[in-house]
Amino acid sequence: MEDLIGSFEKKDNVSLGKMLKEVENQTPLSLEILKLSSFRKGKAHIIGVTGPPGSGKSTLVGKMCKKLATMDLRIGVVCVDPTSPFTKGALLGDRIRMQELAKLPNVFIKSLATRGNLGGLASSTADIVQVLDAYEMDVILIETVGVGQIEFDVLGVADTVLLVSVPGLGDTLQTLKAGIMEIADIYVINQADRPGADESVKDLNLMVKESGKREWSPPIHKTVATQDSGIDELIHDITAHKKYLERSGLWKEKRQTRNVTRLYSMIESLLAQRVEDHINREESLKAKVQDVMKGERDPYTTSHEIVDRLIAKHNSYQYGG
Amino acid sequence: MQIKVVMAKLGLDIHWRGALVVSRMLRDEGMEVVYLGNQFPEQIVDAAIQEGADVIGLSTLGGNHLTLGPKVVQIAKEKGVDALVIMGGVIPEDDIPLLKEAGISEVFGPETRIESIASFIRSEVNQSIA
């Protein structure tokens, strides 16, 4: 523990790397790291970058980082790539698009595999971001896996969400569908040197306008990340969005909501674990589960019975009756 | 625990196919492989620090194994990184003892079966955890 607190004060990359490794693997030590970092977080601007596979998210994040690094900021990058459902292995290939960041001392990159999580992020992402935040990163960029229409876990972690798309992914109707198209604070049409870029921008413009009058109207950017084109303008709007969040009170509100959401999700998983342990300890409950397995008992009644019994037992224990 | 490998092409050597094929195969062995592409020793070690790598895999067919290979081990030691460093590629037999002496744990030549690389990694990494 002493060592741990010491390394928080030191703020060197080696100890940060070691801490993130504990958190990534959810070791017993990681709980202590998270408790400790919990009070030190909240200052970093967290930017989520999402979009379909191959749209250029990694390249764009690389170029954005390069620019941000010249502004004398400390930058953390979290890149998520998919885990194989068959072997549990993963090929994490985002760093190859960010090679020019390797020599920048103020950029720290962590690659994560989804490890079974389906919302576009790894389940440890929020924890990893928290530790980076506590390590006094000014900006944290989260790059999601390549997403489809409904993977938007990033919304619960990031302050500013960028949706990166490319020209030619369907017609106007695609931009009007619910889901991923609604979540962005900033839209990016990358690979804008390809045909159809202007049409894509037009479709997005229509969609944004139709969304009614909002305090923050999401801007739409054209970029060619491989050629560094459009990056400065994009950074400008990201900064503007941060100012908007602070001005409107959303900066604080989002952090508070996140804290509560995290609490509830932790309670949920803790409870699920406790219930499971309890079932495994009690023969009569185990028998009920067996009956459900065989289809002789319905899961609706049984789940109520199990939970009611647990709570009743807890109450009688607490009040001595 | 999932084994994490940082895989790099050493220095300016351009023969990337082997490193990618091995990365893919280690993925199929259930490991998480971070592919760096071409990097120099300092940057390879930095990536291993950031990624929390258990293994650093170096691929070279370009003749720089004796100069840059040991440098990776040396920088890793200086920075307090205890990852296993292994090497693959076309490397003359005579140079292998020199590499091992410099701290490269194992050298895998052409036609090595992926099973032998994977089982070497597993036994070494599990040993260092225990």
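For the reader, a short list of remarks on this structure follows.
- Test: residue in segment A:6-22 that is in contact (Cβ under 8 Å) with a residue 40 or more places away in the chain, crowded, with 20+ Cβ neighbours inside 10 Å, over 17 Å from the mean Cα position of the chain (by Cα) and more than 12 Å from chain B (Cβ to nearest Cβ): no
- With respect to (1) among the aliphatic types (A, V, I, L, M); (2) assigned to a helix (DSSP H, G or I); (3) crowded, with 17+ Cβ neighbours inside 10 Å, the lone exception for B:V21 is condition (3).
- Counted residues, segment A:202-237 - those being among the polar types (S, T, N, Q) and within 24 Å of the chain's Cα centre (by Cα): 2
- Here the condition is being farther than 30 Å from B:D28 by Cα and among the polar types (S, T, N, Q); of A:S7, A:S30, it holds for A:S7 alone.
- Those residues of segment B:94-130 which are at pLDDT 95 or above, farther than 16 Å from B:S59 by Cα and hydrophobic (A, V, I, L, M, F, W, C), in sequence order: B:L98, B:A102, B:F120
- Filter result for B:V33 (modelled with pLDDT of 95 or more and either facing chain A (nearest Cβ under 10 Å) or surrounded by fewer than 19 Cβ atoms within 10 Å (Cβ to Cβ) (or both)): yes
- Taking every residue in segment A:197-226 that is touching a residue at least 12 places away in the same chain (Cβ under 8 Å) and pairing it with any residue that is assigned to a loop (DSSP other than H, G, I, E, B) and of a type in the set (D, E), at least 6 positions away or on another chain, the pairs with Cβ-Cβ distances below 8 Å are A:D203/A:D171; A:W216/A:D185; A:P218/A:D185; A:V224/A:D193.
- Residues being closer than 21 Å to A:K103 by Cβ, of a type outside the set (V, I, T) and buried (at least 19 other Cβ atoms within 10 Å of the Cβ) - total across segment B:72-95: 2
- Being surrounded by fewer than 14 Cβ atoms within 10 Å (Cβ to Cβ) and charged (D, E, K, R) is true of A:E296.
- So B:I14, is it surrounded by fewer than 24 Cβ atoms within 10 Å (Cβ to Cβ), part of a loop (DSSP other than H, G, I, E, B), at pLDDT below 95 and more than 11 Å from every other protein chain (Cβ to nearest Cβ): yes
- Qualifying residue in segment A:270-278 (condition: in a helix (DSSP H, G or I), in the same structural domain as A:L155 (by TED's automatic domain parsing) and among the polar types (S, T, N, Q)): no
- Of all the numbered requirements in (1) touching a strand residue (DSSP E or B) at 6+ places or on another chain (Cβ under 8 Å); (2) more than 20 Å from A:P82 (Cα to Cα), B:R27 misses one, and that requirement is (2).
- Single residue of segment A:23-34 satisfying the filter (at the interface with chain B (Cβ under 10 Å from one of its Cβ atoms) and part of a helix (DSSP H, G or I)) that is farthest from B:A53 (Cα to Cα): A:V23
The values are calculated or read from the model by the stated rules, or taken from the named source; none is laboratory data. In this text, all values refer to a predicted model and were calculated from it rather than measured experimentally. Positions of Cβ are backbone-derived with ideal geometry, glycine not excepted, and every protein chain shown enters the neighbour counts.
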